[in-house]
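No value in this document is a laboratory result; all are computed from the given coordinates. Keep in mind the model is a prediction, meaning the values are calculated, not measured. Here the Cβ is made from the backbone with ideal geometry for all residues, glycine too, and neighbour counts use every protein chain on show.
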Amino acid sequence: MASNTPQKVSCGILRLEHVGRDVEINGWVNRRRDHGGLIFIDVRDHDGITQAVFDPEQAEAFALAESLRSEDVIRVHGAVRRRPQGTENPRLATGDVEVGVHDVVILGRSKTPPFPISVDEDVDESLRLRFRYLDLRRARMQENMRVRHRLVKAMRDYFDELDFLEIETPCLIKTTPEGARDYLVPSRIHPGTFYALPQSPQILKQCLMIGGMGRYMQIARCFRDEDPRADRQPEFTQLDVELSFVGQEDIIGVMEGCMIYTWRKALGIELGPFPRMRHAEAIARFGVDKPDLRFGLELSDVAPLFAHSEFSLFRTLANEEKSRIAALRYPDGAALSRRDFDALTETAKEFGAKGLVWIALARDGMKSSIARFLDDGLVEKLRTAVGAENGDAILLVGDEYAAASDVAGKLRIEIGERCKLRDPRKFAFGWVLDFPLFERDAETGGLAPAHHPFTAPADGQEALIDSDPLAVRAQHYDMILNGYELGSGSIRIHSPALQKKIFELIGLTDEEIADRFGFFIEAFDYGAPPHGGMALGVDRIAMLACGETSIREVIAFPKNQMARDLMIDAPSTAPEKTLRELSLEVRAPAAKGGRTGSP
Ligand code: ASP
């Protein structure tokens with residue numbers, strides 16, 4: 001910095017080495033304190049905070065400073081000086097110095113904000129979203145946006161180094177099925193017709209492979225119209241990747257490498273190789289296909305122990321083929337009262353359980369919800385099965401295999417949470433492989449793709465598609481992190497005949513296939529390379545990297561849980577003229593919930 005011309009600096013820059021310099025700083029009034037005849041103002045911008053000090057001797061500046069309030073925007077000129085001994089602030093990067101102001105300009109006045117910006121306190125989320133531009137000023141959102149930027153930059157750098165091209169695919173297209181409803185956009189110039197927003201760039205990236213692009217990536221916006229769920233956004237971002245002439249191992253290697261690189265570059269954290277497990281193994285050990293691998297407490301199958309039990313419910317299950325009795329250890333759980341166990345039973349029921357059996361291995365003797373059916377030998381076997389010690393409890397869930405697994409998996413997470421085994425600063429990545437190709441559609445009872453209809457069956461399994469489709473395994477892999485699915489990928493079908501057959505099996509008519517995917521099947525007739533890829537949820541990655549529990553914390557302008565943007569007030573009704581131009585007529589009255597309704 002030249003010594004006497006004021007140099008414009010951001011608010012996180014100044015240190016002792018700058019003492020004596022004349023500087024200009026711009027920012028918001030973070031906090032004002034009047035003290036000992038002086039006025040202290042913390043000036044805040046994206047970069048940090050600098051303390052500006054106003055002395056009554058600079059009468060004009062002092063008078064203006066007296067009128068300043070939180071969130072006013074100011075520019076000050078002044079000299080950098082060392083803070084008097086004992087008044088340094090070690091929590092601030094600029095805490096050794098301050099700016100003695102000789103000149104201040106008010107660039108913008110602020111009303112009293114609806115919530116404090118300078119302190120990190122809990123604020124109602126609707127209010128934060130309604131005034132998101134204020135919320136973004138707070139330290140938490142500033143940091144989250146920075147981390148997100150670093151993550152995405154690292155991803156781009158990684159793929160650039162590997163010779164991938166980032167190619168933008170359009171948003172106004174036709175349906176791309178990923179299991180949700182499409183958002184439709186009416187066409188004005190082709191009345192009565194609609195574009196669909198992409199649920200993912202899936203079909204387009206496959207066309208890029210047929211188009212010889214070889215290695216594609218994109219930070220892609222996806223749109224899925226799903227029923228509101230706690231942590232879903234109607235639009236979200238994927239790291240979308242596709243490669244030609246590869247097998248599953250190649251893609252797993254590239255994507256795992258990407259996360260290792262990204263964690264290193266963006267967070268300074270070294271990750272080890274990701275553990276892998278088969279889908280069936282994940283369900284057996286953890287009850288879910290996206291296990292949280294930060295802790296153990298694995299499930300044990302204990303049905304044989306109840307084959308001759310007096311407890312008829314479990315005896316029946318133990319003698320049925322498709323049932324499961326899953327047991328799990330609850331560390332230190334014996335300290336729970338009967339009432340606590342009743343509450344835990346209620347929680348299990350909310351998870352879908354018909355009931356919960358518990359055994360408390362208290363030091364002063366065993367207690368259990370089925371005490372009269374237990375003997376020492378059985379308790380000992382259960383204890384060995386789950387690895388429980390004195391002071392622990394054992395939880396047992398019995399049901400049809402999938403239902404028991406699901407409940408036991410959720411209980412495992414609940415216990416992990418209670419025992420503080422889910423440290424947000426720990427990152428346990430993994431792979432789940434060998435998914436089934438199809439599952440039963442809960443509504444129609446027909447076959448539905450477990451991933452999407454472009455996924456190829458595992459080698460040698462094609463023949464099974466006709467005889468036993470639900471037994472067919474797929475070349476489909478998921479990456480998981482801390483109990484979340486980060487994303488899925490697969491090797492794709494590249495034979496037009498097989499692709500058509502899969503469409504037929506999931507219930508599409510010839511007409512639907514031709515209408516929705518005609519161009520796609522046709523493309524395969526012109527030399528389609530073997531190809532595959534994957535997409536990872538960028539919002540989720542950023543959420544976990546930031547130690548947050550909602551993706552709304554890492555999206556600048558998210559929708560709320562009812563898919564509304566509370567700041568812009570969308571969705572909203574359209575003017576009659578616009579509807580007319582679009583050849584649209586609205587049949588249902590506008591739903592409540594706009595600015596005047598509840599969020
Ligand atoms: N398009 C898929 C998805 O959104 C990812 C992929 O198969 O590449 O889940």
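Would you please put 459-468, 148-157 in order of how densely packed they are, using the mean number of other Cβ atoms within 10 angstrom per residue and starting with the highest?
Going by the mean number of other Cβ atoms within 10 Å, highest first, we get 148-157, 459-468.
Stretched out fully, how many nm does the piece from Asp342 to Glu581 gain, at 0.36 nm a residue minus the Cα gap?
Computed gain between Asp342 and Glu581 is 80.0 nm.
Output the peptides 110-118, 45-53, 546-554 sorted from most to least packed, where packing is the average of other Cβ atoms within 10 Å over each peptide's residues.
Highest-to-lowest ranking by the protection proxy: 45-53, 546-554, 110-118.
Just how large is the dipole of segment 159-221 about the Cα centre, in debye to the nearest 20, putting +1 at every Lys and Arg Cβ and -1 at every Asp and Glu Cβ?
Charge dipole, segment 159-221, about its Cα centre: 420 debye, nearest 20.
Which order do peptides 361-368, 410-417 fall in by mean Cβ count within 10 Å, highest first?
In decreasing order of mean packing, 361-368, 410-417 become 410-417, 361-368.
Hey, how many Å between the Cα centroid of segment 258-325 and the Cα centroid of segment 32-93?
57 Å
Pull up all non-local amide H partners of Tyr183: gap of 5 or more, or a different chain, and H-to-H distance under 5 Å with H placed in the peptide plane.
Amide H to amide H, under 5 Å and 5 or more residues apart or across chains, Tyr183 pairs with Leu197, Asp225.
Can you give the net charge of the other residues whose Cβ lies under 9 Å from the Cβ of Ile106, counting K and R as +1 and D and E as -1?
Result for the local shell: +1.
Please find the FRET efficiency linking Glu414 to Asp122, where r is the Cβ-Cβ separation and R0 is fixed at 25 Å, and quote it to the nearest 0.05.
On the way: r = 23 Å, r/R0 = 0.94.
Working from the Cβ atoms, E equals 0.60.
Can you tell me the orientation of helix 376-386 relative to the chain, as the angle in degrees between its alpha-carbon axis and the longest Cα principal axis, to the nearest 10?
50 degrees
With each label point set 7 Å from Cα along the Cα-Cβ vector, what nm distance links Glu320 and Ile370?
1.4 nm
Taking the Cβ of Ala528 as the centre, find all other residues whose Cβ is under 11 Å away and add up their charges (Lys, Arg: +1; Asp, Glu: -1).
Its environment carries a net charge of -1.
Which value at 222 nm does the chain reach when only helices count, each DSSP H run of 4 or more adding -39,500 (n - 2.57), with the total divided by all residues and rounded to the nearest 500 deg cm²/dmol?
Helix-only estimate at 222 nm: -8000 deg cm²/dmol.
Taking the Cα atoms only, what angle lies between the long axis of helix 338-350 and the longest principal axis of the chain, rounded to 10 degrees?
Between helix and principal axis, roughly 80 degrees.
Compute the helix-to-body angle for 496-505: its Cα long axis versus the longest principal axis of the chain, expressed 0 to 90° and rounded to tens.
Between helix and principal axis, roughly 80 degrees.
Pulled fully out, how much extra length does the chain show between Asp227 and Thr573, if you take 0.36 nm times their separation in residues and subtract their Cα-Cα distance?
Using 0.36 nm per residue and subtracting the Cα-Cα distance, I get 122.5 nm.
What does the charge dipole of segment 423-492 about its Cα centre add up to, to the nearest 20 debye, if the Cβ of each Lys and Arg holds +1 and the Cβ of each Asp and Glu holds -1?
Using only the charged Cβ atoms, the result is roughly 340 debye.
With +1 on each Lys and Arg Cβ and -1 on each Asp and Glu Cβ, and nothing else charged, work out how big the dipole of the chain is about its Cα centre, in Debye to the nearest 20.
Value, rounded to 20: 1460 debye.
Non-local amide H neighbours of Ser110 (under 5 Å, H modeled in plane, Pro and chain starts lacking H): which ones?
Here the answer is Asp72, Val73, since their amide H atoms fall under 5 Å of that of Ser110.
What are the ³J(HN,Hα) couplings of segment 523-534, residue after residue, when phi is run through the Karplus curve with 6.51, -1.76, 1.60 and θ = phi - 60°? Round to Hz, x for glycine and proline.
4, 5, 6, 10, x, 9, x, x, 7, x, x, 6
Provide the per-residue ³J(HN,Hα) series for segment 17-24, in order, calculated from phi with Karplus coefficients 6.51, -1.76, 1.60 and θ = phi - 60°, each as a whole number of Hz, with x at glycine and proline positions.
3J(HN,Hα) across segment 17-24, in whole Hz: 5, 9, 4, x, 7, 8, 9, 10.
Relative to the present Cα-Cα distance, how much length would full extension add between Arg363 and Arg264 at 0.36 nm per residue of separation?
Computed gain between Arg363 and Arg264 is 31.0 nm.
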